[in-house]
Amino acid sequence: REDGNGYVVCIDSNYRGLSDDHGDPLFEGNQQTELTQDAIKFASEYQLQREATDEFTRALRSSDLLQPSSAVLSFKGREHRKLDGFLALKREWFARLSASDAAQWVNNGYLEKICLLQASLVNFDRLV
């Protein structure tokens with residue numbers, strides 16, 4: 001990567017699914033095939049999104065927006081299960097959000113992510 005925080009894509013040559021005889025080649029001579037280039041592009045994009053998620057999570061933690069949470073999962077005809085050990089957003093945070101804070105969170109894209117997360121949690125009960 002250009003920022004100096006590089007990473008390496010490795011190929012396990014002992015993987016049983018890797019073959020010189022059949023399947024799509026990863027290299028043609030010393031050049032990456034389109035398949036390999038696409039895989040590296042996917043891994044790069046995935047890495048960038050993971051880093052963005054880490055940054056977003058750090059912002060949530062540093063702003064004291066997360067709290068321990070739990071949920072009770074009810075399965076039809078089966079016992080209930082409690083799911084805990086995860087963090088959720090503090091809903092009351094929205095009520096005390098200042099205009100300047102809202103503008104900052106809008107500009108960096110975090111407010112949209114928070115709203116989408118909250119909307120997703122509304123559907124949590126429908127998952128089980």
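The values are calculated or read from the model by the stated rules, or taken from the named source; none is laboratory data. The model shown is predicted, which means the values in this text are computed figures rather than measured ones. Note that we place each Cβ from the backbone using ideal geometry, even for glycine, and neighbour counts take in every protein chain shown. Remember, those area values only see protein heavy atoms, side chains included, never the ligands or the DNA or RNA. Shrake-Rupley method; radii C 1.70, N 1.55, O 1.52, S 1.80 Å.
A few points about this structure:
- Evaluated against (1) under 25 Å from the mean Cα position of the chain (by Cα); (2) within 30 Å of Ala119 (Cα to Cα); (3) in contact (Cβ under 8 Å) with a residue 40 or more places away in the chain, Tyr7 falls short on exactly one condition, (2).
- Filter result (at pLDDT below 85, of a type outside the set (Lys, Arg), farther than 29 Å from Arg96 by Cα and open to solvent by 50 Å² or more (accessible area, probe 1.4 Å)) within the stretch 48-82: Ser74, Phe75, Gly77, Glu79, His80
- Residue count for the stretch 112-128, restricted to those that are at pLDDT 90 or above and farther than 19 Å from Glu51 by Cβ: 0.
- Residues in the stretch 12-36 that are of a type in the set (Ser, Thr, Tyr), open to solvent by less than 90 Å² (accessible area, probe 1.4 Å) and modelled with pLDDT under 90: Ser19 alone.
- Of all residues in the stretch 84-99, those being farther than 21 Å from Thr57 by Cα and either open to solvent by less than 80 Å² (accessible area, probe 1.4 Å) or under 24 Å from the mean Cα position of the chain (by Cα) (or both) number 0.
- Conditions (1) closer than 22 Å to Lys113 by Cβ; (2) open to solvent by 100 Å² or more (accessible area, probe 1.4 Å); (3) modelled with pLDDT of 90 or more: number failed by Glu45: (2)
- Selection of the stretch 100-128 for residues being in contact (Cβ under 8 Å) with a residue 24 or more places away in the chain, touching a helix residue (DSSP H, G or I) at 6+ places or on another chain (Cβ under 9 Å) and open to solvent by 70 Å² or more (accessible area, probe 1.4 Å) yields only Lys113.
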